[in-house]
1. For the pair Lys614 and Ile167, how long in nm is the line joining their label points, each one 7 Å along Cα→Cβ?
2. If you roll a 1.4 Å probe over the heavy atoms of the protein chains, what accessible area per residue do you get for region 332-385, in Å²?
3. Each residue of region 388-402 in order: what ³J(HN,Hα) in whole Hz does its phi give by Karplus 6.51 cos²θ - 1.76 cosθ + 1.60, θ = phi - 60°, with x for Gly and Pro?
4. Please work out how much accessible surface Lys124 shows to a 1.4 Å probe, ignoring ligands, DNA and RNA, in Å² rounded to 10.
5. Is the shape of region 368-467 rounded, prolate or oblate, going by the alpha carbon gyration tensor and its root eigenvalues a ≥ b ≥ c, with a/c under 1.5 for rounded and a/b larger than b/c for prolate?
6. Can you give the Rg to Rh ratio for region 292-389, taking only C-alpha atoms and Rh from Kirkwood?
7. Karplus couplings for region 20-31 from phi (6.51 cos²θ - 1.76 cosθ + 1.60, θ = phi - 60°), rounded to Hz, Gly and Pro as x?
8. Accessible surface of Lys162 in the full protein assembly, 1.4 angstrom probe, to the nearest 10 Å²?
Amino acid sequence: MADPSSYRPKPGQIPDSPGVYRFRDEHGRVIYVGKAKSLRQRLSSYFQDLAGLHTRTRTMVTTAASVEWTVVSTEVEALQLEYTWIKEYDPRFNVKYRDDKSYPSLAVTLNEEFPRVQVMRGPKKKGVRYFGPYAHAWAIRETVDLMLRVFPVRTCSAGVFKRSAQIGRPCLLGYIGKCSAPCVGRVSAGEHRELAEEFCDFMAGRTGTYLRRLEQQMHEAAEEMEYERAARLRDDIEALRRAMEKNAVVLADATDADLIAVAEDELEAAVQIFHVRGGRVRGQRGWVTDKVEAVDTAGLVEHALQQLYGEESGDAVPKEVLVPALPEPVEPVAQWLGERRGSRVDLRIPQRGDKKDLMATVQRNAQQALVLHKTKRASDLTTRSRALEEIAEALELDSAPLRIECFDISHLQGQDVVASMVVFEDGLARKSEYRRFQIKSFEGQDDVRSMHEVIGRRFRRYLQEKQKAGEWSEENAVEAAEAPEASEVSESDQAVELDTARTEDGRPKRFAYPPQLVVVDGGQPQVAAARRALDELGIDDVAVCGLAKRLEEVWLPGDDDPVVLPRTSEGLYLLQRVRDEAHRFAIAYQRSKRTKTIRSGPLDAVPGLGETRKKALLKHFGSVKRLRAATVEQICETPGIGRKTAETIAAALAAAAPPAPAVNMTTGEIMEEAGE
């Protein structure tokens, strides 16, 4: 636990201007991001008597080891920078809303030549028009099914669309009139796009125009005694009205607004949002968060606004946002929302009428969401806490292992030997910190030696990060570098992970944080190898154990007998989950390497030739055999291939050319080269 006075800035160093500040822990990791109208006043409030601080604030300042700040011009800039940094650094003491489920939306892919209507989840994509989110995917499909009678927009996948175009016949929806069948040319691309835009207009709430137009066409058809057409138009009108009825009118003035409600207790908070467009509820979503910082309802609302509109623009930000409490101060937040929309946004608390009644409904939904979340999580939290306590007791650890790392080795008959590292924090998988290794210091199958290498590489990188941060002496670093077998792995091979991009200081780094417990997949030999690797690096504060598959025994370094946990033990179940996840991750990597090796061809040996130009070459020549027979000038005719690259390709293919063609000894036929 750090003393805040040890890193408190001098009074004259902190500017009295708007800005954003970051607290970092001893490893340099950003643990809290905040903004302030006056950095001097805000930061000074953190360095008062610890007894006067809120419990969560006290925990944060004693966990931190340094503080830094960035001055900005306005409070609006501070709000935007705070959101950007929270998203970038993922600080552990900031409120971070998590969707309580993945809500589906109705999406229209206007970025395609033939727009498609479909159900979409996850992050929004550029050029796609979204409506919702909806509570259930079936609600979207029912609405779309009704509207396709009037707006027969394509709903099929790219594969079905391409197949129908090849055979010249539309799919079933094209035959029954629920698709305009652009795949076979019944309508042009422009006509189909116009249908898609009309679909979007109707979903956006502009319904009156289309209903009046259809009613007029129905009357005209009836006057001209085209009764079948009039009946079809009558059914279309009824279908649209049924689709509209699925979203009841809640605001009579056809308002476009988002209503945000918050339900909270001392530890957690739930946020519910109703999206109202054209006076109708078009979507609903919710978030739940742990209150890891001292924050009131107004602060929760401000964080919710950042989460909701931080990456939105234009009409995605409504004209009116109704909230239970206004952020303090409210002007920068309202101005920021207006900049996101491109026009004024009214941010206020509803006081009377339909909007206040609807806010009460949203509030009830938030309260129910919080109760449901706590009911689900209570059992989960209790189980995970008990599992960590059982592991600590069985392994005689000083405290529960909040961070566990597990390592596994995978290979196929000694070929393509790889290793995996998975991370569990607080009993939950943290997939963003999973890592994969290639074993390159030796050839063949030796799980014990492989485990020693991987553990050594992982913790050698940890010591390097500590040295960069000034937390590891040069003397210790030299001892670690001179450890046995350390020279077997070159600097470039010390971490052959797939995610090779370096991260900036302050972001989560690959090996910056040590675990409290290392679990290896195996028995005594693997455990001994892992412990030896740690001892060679001088690391004695990380516990090691192994989980053998045969009898699910837990092995400790130097013990002749295993620790046997009861089959009903939550601790054993957690260790099994960690081990199985490491095994799965290692096998997936090993298989992907093997598949890549099998699929490799002569062009893979050409230096500097990427996938795009490989495909262009094969498309231009048809096969590697014809490419090998081509001259440099002919190769240059391929789009994107210059003369220097063409010469490199020709030389590489000539060097890799087979000495003689293969011959089928039964038929005497000269066979094509494999893979061509």
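The values are calculated or read from the model by the stated rules, or taken from the named source; none is laboratory data. Computed from a prediction, not measured in an experiment: that's the story for all the values here. Please note: Cβ atoms are built from the backbone with ideal geometry, for glycine as well, and neighbour counts cover all protein chains shown. The area values use the complete protein model at the heavy-atom level, side chains included, leaving out ligands, DNA and RNA. Shrake-Rupley method; radii C 1.70, N 1.55, O 1.52, S 1.80 Å.
1. Taking the simple label geometry, Lys614 and Ile167 are separated by 3.2 nm.
2. Ligands and nucleic acids excluded, the result is 60 Å² per residue.
3. Result, ordered by residue: 5, 5, 5, 5, 4, 5, 5, 9, 6, 8, 5, 8, 5, x, 5 Hz.
4. 120 Å²
5. prolate
6. 1.10
7. 10, 10, 10, 9, 10, 8, 5, 8, x, 7, 6, 10
8. Surface open to solvent at Lys162 totals about 130 Å².
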